[in-house]
Protein chains: 2
Amino acid sequence: MSDLRKRQVTLDEVAERASVSRSVASRVLNNAPHVSKAKREAVQRAVTDLGYVPNASARALATQQVGAVVLAISSDNPLVFADPFFAEIVVGISSVLEETELELVLMMATSARGQTRLERLLRTRQTDGLMLMSMHDDDPLAQFAEQSGVPVVFGGRPVAFEPRYYVDADNRGGARLATEHLVATGRTRIATITGRMDESAGLARYKGYQEALAVAGLDTSRVVHADFSEDGGTRAMHELLATYPDLDAVFVASDQMAAGALRVLTDAGKTVPGEVALVGFNDVATARHTNPPLTTVSQPIQSLGREMARMLLALIAGDAPTPLILPTRLVRRAST
Amino acid sequence: MSDLRKRQVTLDEVAERASVSRSVASRVLNNAPHVSKAKREAVQRAVTDLGYVPNASARALATQQVGAVVLAISSDNPLVFADPFFAEIVVGISSVLEETELELVLMMATSARGQTRLERLLRTRQTDGLMLMSMHDDDPLAQFAEQSGVPVVFGGRPVAFEPRYYVDADNRGGARLATEHLVATGRTRIATITGRMDESAGLARYKGYQEALAVAGLDTSRVVHADFSEDGGTRAMHELLATYPDLDAVFVASDQMAAGALRVLTDAGKTVPGEVALVGFNDVATARHTNPPLTTVSQPIQSLGREMARMLLALIAGDAPTPLILPTRLVRRAST
DNA sequence: GGGAGAACTGGAAGCGCTCCCAAACGCGTG
DNA sequence: CACGCGTTTGGGAGCGCTTCCAGTTCTCCC
């Protein structure tokens, strides 16, 4: 039951010990000017002697700044966050926040309750900034956040409008890369399994696919829409096979879906990449372990998180950063 | 540049509009007793009319409660959090915190800076509670947290001491299950690739392996220690093969390592499960996509998060919950 | 109808910090 | 030596909320 409870050390005690006024002590702590060298040192000594640490709530109350930013995932599916993608985003964000005094609070605005909470947070500016990853189209939160007056940077772009500040991966470019690769290896009847069409990533990847085929003068009609999930990929591949039995390649908008599709192909007796070539997207761990390993498009997820955090810091500091689109690149493996 | 800035609505304004004193208004908000029905309703009306939301900092300052709990990952490796494992933990935690007014703040105590920060947080009790996942043996933070007087629940157990409150998966039981399964399928020269021996999970899984073989009267000497990573698994499997060429099964303490080991076996021309059977641990997505898919031990990761959060809430409420060990179970796939 | 006790009310004192502002101080100059 | 200017200093008023406490109003019963 040992317990370091002890009452908190306050600024007043520090001031007293250094025999200065509270104001002076405060100025030293925020290293503001107008303090003589002697007193500055006296205060610093008192601080270390007493082990003083400022009380965040009090400071927040006085300055009207919270000392925390939030990362919010807005989605209708409570499980999206279980995607390793977010874990990496968080690592990126943390790595830059670590250099500051800001805390990272996590909100999953996945239920109505969560949405309300986030909304309230913005309305009452109980956060210094927001990083928002909005995972579906008609998300009212996205608009609301953009206009709340709180610094907001988007991770990925909502489809409904173009936010002022965002960082996104070059989904369209990546998809084009992948599809061009398929074309370059001699495929001509190239299908696609898309992600959700109410997410900008899904849309952009679909566009990239279309562009690449248009340039090559190939048919873009072999399309089935799915939802990024493995099961979705499975279903879509069945449908594709039934509708376009002649296809010789598939660009799949996520590795999870590709894993599902791959199983369907194998079960159907198609050889990969012999009869059908397959490209995924994201380059998650799974992509390396399928049989054959997946050729896929890799995006710099940690950088994405890092840049979001940097952009937010800039915003908070009063700058006006420009949106950022991070490059994606093709990772060749054995499925093509 | 639209901006909902507006000054914040304060309790005083609510009180005035409801023509009561601030005290009464405050009592209504915290639904404390000693308020007449009429005034209670008047206040509530004023609150909704004005769209009042209490200021968290002010409340925190007055009550000495922060309204936030932190999840900290203490490790010497900044990348551990990229493990999907944590993403799921977070989902579990969020799902129960969502029912409360508490926020979840995330800290990666991975650098010295992060450690200090966490320490300071505890020392000055700027959090209402802590969930700590300590990922290595000699972590001074674990001890410090345990004695800080702040409610702390551990996720997994440190090896150095038994904390008062923790929730852990039954690693030993799971390992025993896995090994017994190998025995039951007729294997007799069963090796193991362990995790880190300075993590309790690694240790417990090793113990489970030993127990099962001891009961079966089999040899427990075919052991190589590794570090949970895929590369580690690769190296370990090479060593195992060189040292004990006669082995007919391997219990591998993580799926990542198992994936690495599997590749080595296949490359060495060993058939799986024909010549060598393989069992992993964790049941991550990868396990389903290897070739053959991995038999593995599944732990209820989201529940783990959920129970950690529940336990912490109980602790904060002043209860004394009992530690929890969650069951693990064997998932049979084609690698055995 | 009077009185005791319970229920309600609002004033005021904080919680620990920031920051404005008036007062005090030091110093160079005429 | 007095004066003026630029620095440094500390008093004090908040930031918005909770909570103690003393005073007031209601109830209910004899």
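Points worth noting:
- Within the range A:71-87, being at pLDDT 90 or above and either within 8 Å of chain B (Cβ to nearest Cβ) or closer than 12 Å to A:A309 by Cβ (or both) holds for one residue alone: A:L71.
- Residue under evaluation A:A68, criteria (1) in contact with an Asp or Glu (Cβ under 7 Å, 6 or more places away or on another chain); (2) within 15 Å of DNA strand D (Cβ to nearest atom); (3) touching a residue at least 40 places away in the same chain (Cβ under 8 Å), criterion not met: (2)
- Residue match in the range A:42-61 (condition: touching a Gly at 6+ places or on another chain (Cβ under 8 Å), small (G, A, S) and within 16 Å of DNA strand D (Cβ to nearest atom)): yes
- Test result for B:A15, open to solvent by less than 70 Å² (accessible area, probe 1.4 Å), within 15 Å of DNA strand D (Cβ to nearest atom) and part of a helix (DSSP H, G or I): yes
- In a residue-by-residue description of the range A:85-108, the property of being without any contact (Cβ under 8 Å) to a residue 60 or more places away in the chain, among the charged types (D, E, K, R) and either within 11 Å of DNA strand D (Cβ to nearest atom) or closer than 30 Å to A:Q256 by Cα (or both) applies to no position.
- Looking across the range B:275-284, just one residue is open to solvent by 30 Å² or more (accessible area, probe 1.4 Å) and within 14 Å of chain A (Cβ to nearest Cβ), and that is B:D283.
- Flag if A:T336 is surrounded by 17 or more Cβ atoms within 10 Å (Cβ to Cβ), in contact (Cβ under 8 Å) with a residue 24 or more places away in the chain, in a helix (DSSP H, G or I) and of a type outside the set (A, V, I, L, M): no
- Leading residue by the ranking (nearest to A:R117 (Cα to Cα)) among those in the range B:26-61 that are within 8 Å of DNA strand C (Cβ to nearest atom) and open to solvent by less than 80 Å² (accessible area, probe 1.4 Å): B:A58
- Of everything in the range B:236-274 that is open to solvent by 40 Å² or more (accessible area, probe 1.4 Å) and more than 22 Å from B:Q210 (Cα to Cα), the residue that is nearest to the chain's Cα centre (by Cα) is B:R263.
- Some residue of the range A:148-157 being basic (K, R) and more than 8 Å from chain B (Cβ to nearest Cβ): yes
- Tally of residues being more than 10 Å from every other protein chain (Cβ to nearest Cβ) and hydroxyl-bearing (S, T, Y) across the range A:98-131: 2
- Check on A:P33, more than 9 Å from DNA strand D (Cβ to nearest atom), touching a helix residue (DSSP H, G or I) at 6+ places or on another chain (Cβ under 9 Å) and in a loop (DSSP other than H, G, I, E, B): no
The values are calculated or read from the model by the stated rules, or taken from the named source; none is laboratory data. Just so we're clear, the structure is a prediction, and the values are computed from it rather than from any experiment. Quick reminder, even Gly has a Cβ in these numbers, built from the backbone with ideal geometry, and neighbours come from all protein chains shown. The accessibility values were calculated without ligands, DNA or RNA, using every heavy atom of the protein model including side chains. Shrake-Rupley method; radii C 1.70, N 1.55, O 1.52, S 1.80 Å.
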